[in-house]
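Chemist: Please find one structure pasted underneath; my questions will follow.
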Amino acid sequence: MALDRRAAVAALLEDRGELLVVSGLGSPTYDVHAAGDSDANFYLWGAMGSAALIGLGLAQARPDRKILAITGDGEQLMGLGGLATIGVAKPKNLSIVVVDNGHFGETGMQRSHTGCGLDLAAVASACGFAETGVAADMAAVEALRDKLHRPAAGPRLFVLKVKPENPPRSLPPRDAVFLKNRFRAHLGLPVS
């Protein structure tokens with residue numbers, strides 16, 4: 001069984017409270033924006049493979065806040081080595097959710113490594129993540145949403161198994177300076 005990606009991400013972000021969200025290039029950003037634009041969202045437009053590592057930097061800079069990086073299987077595959085770095089750093093406030101459709105959705109729906117059987121949750125576990133898992137139904141997504149707000153022993157990675165489809169794009173602003181300044185202002189930092 002595979003989830004509807006928009007419904008799953010919307011359910012994940014429901015009642016998000018103070019959660020800071022970094023969204024990966026392409027579909028994860030469209031999904032996060034479709035769930036509701038927020039000053040606490042940091043959308044990536046040109047940093048393929050970097051969502052989890054930007055989440056790590058934010059988690060290290062703001063240990064007082066819970067950080068959620070939402071990325072796709074193609075992007076996380078490109079940044080696979082980042083999982084080892086996160087596993088070594090062991091931030092207790094970082095969760096990563098990989099929206100996994102088993103395809104490279106942004107480049108023509110070619111089958112990805114996860115579509116050929118690679119298990120990103122197992123890779124994260126081998127890298128030292130405190131908790132990993134796979135959600136393939138809405139009950140699991142709702143349970144995952146609750147976990148995101150509880151303390152953790154270290155970094156967590158969860159895979160959402162979604163249908164291989166490309167819903168209409170929900171486009172947040174593309175002005176990188178605006179997005180940076182909006183996010184910094186939300187955190188109470190100076191803007192430039």
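Chemist: Under the definition of Cα pairs under 8 Å and six or more residues apart, what whole-number percent is the relative contact order of the chain? Provide the component values of the computation, followed by the final result.
Modeler: Working: 375 pairs, mean separation 50.5, N = 192.
Reported relative contact order: 26 percent.
Chemist: Taking the Cα-to-Cβ direction at residue 130 and at residue 64 and moving 7 Å from each Cα, how far apart do the two end points lie in nm?
Modeler: Label at residue 130, label at residue 64, 1.9 nm between them.
Chemist: Just grab the label-to-label distance for residue 88 and residue 137, each label 7 Å out from Cα along the Cβ direction, in nm (one decimal).
Modeler: 4.0 nm
Chemist: So if R0 is 45 Å, what FRET efficiency would residue 2 and residue 191 give, r being the distance between their Cβ atoms, rounded to the nearest 0.05?
Modeler: Values: r = 41 Å, r/R0 = 0.90.
Approximately 0.65, to the nearest 0.05.
Chemist: Something else now. Can you work out the PRE-style zone for residue 176? Point 7 Å along Cα to Cβ, and I want the residues of region 19-52 with backbone N under 19 Å.
Modeler: Residues passing the 19 Å test: 22-30, 41-52.
Chemist: Sticking with this structure for a sec: Over the chain, what per residue volume does the convex hull of the Cα atoms give, in whole Å³?
Modeler: For the chain, the hull spanned by Cα atoms encloses 102 Å³ per residue.
Chemist: Sequence neighbours fewer than 8 away in the same chain don't count; with that in mind, list the lysines whose C-alpha is under 22 Å from residue 92.
Modeler: 66, 147
Chemist: How would you order 141-152, 90-101, 166-177, 11-22 from highest to lowest mean count of nearby Cβ atoms within 10 Å?
Modeler: 90-101, 11-22, 141-152, 166-177
Chemist: Let me ask you something else. Using a Förster distance of 41 angstrom, determine the FRET efficiency expected from the C-beta separation of residue 150 and residue 111, and round it to 0.05. Intermediate values should be presented prior to the final figure.
Modeler: Values: r = 35 Å, r/R0 = 0.85.
For R0 = 41 Å, the calculated efficiency reads 0.70.
Since every read-out is calculated from the coordinates, none of them should be taken as a lab result. Because the structure is predicted, anything quoted here is derived from the model rather than measured. With ideal geometry, Cβ positions are generated from the backbone for all residues, glycine too; neighbour counts draw on all protein chains shown.
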